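To start, the structure itself, in structure tokens.
The values are calculated or read from the model by the stated rules, or taken from the named source; none is laboratory data. What you see is a predicted model, and the numbers here were worked out from it, not measured in a lab. Virtual Cβ from ideal backbone geometry, glycine too; neighbours counted across all protein chains shown.
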Amino acid sequence: MICSAVDLHDNTRNPKTDKSVEPRPTVPGRPQEAEIESGEPGMRREGASTGLWARSRGIIRKNVVDPLVFSRHPPWFDAAGVSLGFVIGFAVPMGGHFLSLGLLRLLFRFNFVLAFAFTSVVNPFNIIPLYYGYYWLGSLVLGRPVAMNFEVFQRIMNPVLDKAYFWEVHAAFIQLGWEILARWSVAAAILAAVSGALGYVITYRIQKKRCMRKAQMLGIQYEKYLERLEENAQADKG
């Protein structure tokens, strides 16, 4: 009875020091619970970044790679789309890309899907550092000092990006002032011209080689295959 009373009221037994409490078995190569708990935030961050990268690759493949690989248009049609996408992306403030391409589509024939995809060269993730690069390049070309650091430029640009509609974005962009707009316009013209020209030449060569291989697989002359593609371009404007 005395032993029982002692056992009932003994609260000093510690699982860490009491040998009568069996420790959990460990499995070689398997992390313990404490290690798993401490590593969970890093694992979540790694999983999130992996998921974001996978989604980005899927978007690029769907909107850029597949339209080029499976295109049924002549090389110039796709090349014009890529070129105009770069031109509009670099030369038109973000928010007006779709409208600008829609107006150009009334006048010219080009691959609209590719053009809109390549306007994403300027996007919400890179617009502030990219436009600061515009400011720096424009200052260099115009021979004016770079009087604004990145932090100040970011504070100025944030109200522009906070607008919900494209007309509000453009109105706020114009209000940035001539000192910024002049530099931006010069840099935008340079980047649009260079990227548009390179985009056309490179895309045309790539698509021409692809069409030549396709014509060879079909056992027809390249010129005959181009005639088919021209018909598709006539029927489908992008």
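Before moving on, here are some points about what is shown:
- Being of a type outside the set (Val, Ile, Thr) and surrounded by 13 or more Cβ atoms within 10 Å (Cβ to Cβ) holds for only one residue in Arg205, Arg183, and it is Arg183.
- Scan of the range 185-234 for residues that are in contact (Cβ under 8 Å) with a residue 12 or more places away in the chain and either acidic (Asp, Glu) or on the phi > 0 side of the Ramachandran plot (or both), ordered by number: Glu230
- Residue match in the range 142-158 (condition: over 30 Å from Gly58 (Cβ atoms) and of a type in the set (Lys, Arg)): yes
- Of all residues in the range 164-180, those that are without any contact (Cβ under 8 Å) to a residue 40 or more places away in the chain and in the same structural domain as Pro145 (by TED's automatic domain parsing) have Cβ atoms under 6 Å from Cβ atoms of residues that are assigned to a helix (DSSP H, G or I) and buried (at least 17 other Cβ atoms within 10 Å of the Cβ), 6 or more apart or on another chain, in Ala172/Val160.
- Across the range 124-141, the number of residues qualifying as exposed (fewer than 12 other Cβ atoms within 10 Å of the Cβ) and in contact (Cβ under 8 Å) with a residue 24 or more places away in the chain comes to 1.
- Boolean, Gly133 is over 20 Å from the mean Cα position of the chain (by Cα), assigned to a helix (DSSP H, G or I) and under 30 Å from Val65 (Cβ atoms): no
- Residues that are over 22 Å from the mean Cα position of the chain (by Cα) and among the aromatic types (Phe, Trp, Tyr) were ranked within the range 189-234; the one that is nearest to Val82 (Cα to Cα) is Tyr204.
- Selection status of Leu84, touching an Asp or Glu at 6+ places or on another chain (Cβ under 8 Å), of a type outside the set (Phe, Trp, Tyr), in a helix (DSSP H, G or I) and touching a residue at least 40 places away in the same chain (Cβ under 8 Å): no
- Flag if Ile190 is farther than 30 Å from Arg144 by Cβ and assigned by TED's automatic domain parsing to the domain that holds Ser139: no
- Residue count, the range 54-73 (criterion: of a type in the set (Ser, Thr, Tyr) and at pLDDT 85 or above): 1
- Single unsatisfied condition, Ala147 versus (1) part of a loop (DSSP other than H, G, I, E, B); (2) surrounded by 12 or more Cβ atoms within 10 Å (Cβ to Cβ): (2)
- The residues in the range 187-238 that are more than 28 Å from Gly102 (Cβ to Cβ), among the polar types (S, T, N, Q) and either in contact with a helix residue (DSSP H, G or I) (Cβ under 7 Å, 6 or more places away or on another chain) or modelled with pLDDT under 90 (or both) can be counted, and the count is 1.
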